[in-house]
1. I'd like to know which of THR74, ASN145, ASN114 lies farthest towards the positive end of the charge dipole of the stretch 63-190, counting +1 on Cβ of Lys and Arg and -1 on Cβ of Asp and Glu.
2. With θ taken as phi - 60° and the coefficients 6.51, -1.76 and 1.60, list the Karplus ³J(HN,Hα) couplings across the stretch 136-146 in order, rounded to whole Hz; mark glycine and proline as x.
3. Applying 1/(1 + (r/R0)^6) with R0 = 45 Å to the Cβ-Cβ distance of CYS222 and ASN164, what FRET efficiency is obtained, to the nearest 0.05?
4. Can you pull out the chymotrypsin sites (Phe, Trp or Tyr not before Pro) in the stretch 241-329 whose DSSP state is coil and whose Cβ has at most 14 other Cβ atoms within 10 Å?
5. Can you give me the accessible area per residue for the chain, using a 1.4 Å probe, in Å²?
6. With a point put 7 Å past each Cα toward its Cβ, work out how far CYS377 is from ASP357 in nm, to one decimal.
7. Label-point separation (nm) for THR203 and ARG107, each offset 7 Å from Cα along Cα-to-Cβ?
8. Determine the dipole magnitude for the stretch 273-376: charges of +1 sit on the beta-carbon of Lys and Arg, -1 on that of Asp and Glu, nothing else is charged, the reference point is the Cα centre, and the result goes in debye to the nearest 20.
Amino acid sequence: MSNSAIQNSGIEEIESKDRLSDLSDCLIIHILSFLNAKQAVQTCVLSSRWMNLWTGFPKLTLHSTGFQTCEIFTKFVSRVLCLRDPSIPLQALDFKHARATGRLEPRILKMIVNYANYSCQTLTHLKLAIYSRGGHQIPFPESLNLPALTSLQLENFKFCGGDNGRAEPFSTFNKPSSLLISNCTISGAITLCISSVTLVNFTLYNKLSNFYIIELCTPSLCTFAFTGTPYQTLSASNVSSVKHVEIYAEVIPYQKEPPLTLFNWLRTFPNIKSLTVSTTTLQVLYLIRDLFPRLLKLNLRSLGNLESLKVKMEPFSYGFRMTMCHVMLQKAKSKKEADSLQRAFIEGSEPSSPIPDEIMDFFLRNSPTAKVEFIDC
């Protein structure tokens, strides 16, 4: 046999060999656990050896994307929870119901909560995202009791308050280190209480005009990150541990006035070491200054120890420019000036600079030793 024939034979043998079959079950489970439950089940059908591997995944991702109706998704979730091997500790549970799937059936959330409580001794990561038609938000299930939970992410829930006007949905969690809240509201209360000696990272997303107070009692908090419209008031005690703050502020399209709470946010954390803001954040601060010029004369002691100031250069959306236009029109002295200003915003020539000089001067004056970095997105 010639050398080329031997080489070709060797190549064919390598190509025909099923290398996946040589992998251990533990490694295959680890790889497949990165898929959502539907994809994992479909993949396991490809091999008789893999047929039941999905029942032992330590991570469970249940997303309604890819299901035509909520009824089909509900039946799938029910089957998955029933057939999963209860002897395998569940470490992470990720549940997401999309608006396009249809109206959420209450019993599906109840199933998820019951299963989470059943796995309470091992469950460390929990994600719950609910999208309902008509903008109605689902009350956050108060029956959750997860003593091992370290990471919690919630989206589109409603936190219900008690007779004292305070909502305390996280009081039963003993050791959370990371908390993310996205587009959540409160009902029957004016204050959302977050009290934890173990919480290190707190992330807040808000695209709604929700006006309420967030009371922080988090002595170990290190990082605070926000994206959206900052209409919430921060009331904090014992948060000197916060060293890193990120703010990507926006305003709701066609909102008449920018949120005035943003300046107060910068005063809330007394010992910031690094601050990251977007260009939209700087523009929102500029709009606030336009209405209240004295704000830029404030001395923010919270920025005195700042070592790093990063500005992310983000493009302005049409809605954001129009909101800025509506605020700026209040200063127009004539109809001609107003028409010219409006035309400039529509065409995109305003704002003329993504970074307002007065706002940057304000930061530099309050944090003279900070290293400034501009980051292109």
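The values are calculated or read from the model by the stated rules, or taken from the named source; none is laboratory data. Just so we're clear, the structure is a prediction, and the values are computed from it rather than from any experiment. Glycine also receives a Cβ, built like all others from the backbone with ideal geometry; neighbour counts cover every protein chain displayed. We work out accessible area using only protein heavy atoms, side chains counted, and drop any ligands, DNA or RNA first. Shrake-Rupley method; radii C 1.70, N 1.55, O 1.52, S 1.80 Å.
1. Looking along the dipole axis, the top candidate is THR74.
2. 7, 9, 8, x, 5, x, 6, 7, 5, 9, 10
3. Computed FRET efficiency for CYS222 and ASN164 comes out at 0.95.
4. TYR254
5. Value for the chain: 51 Å² per residue.
6. Result: 2.5 nm between the two label points.
7. For THR203 paired with ARG107, the spin-label model returns 3.4 nm.
8. 400 debye
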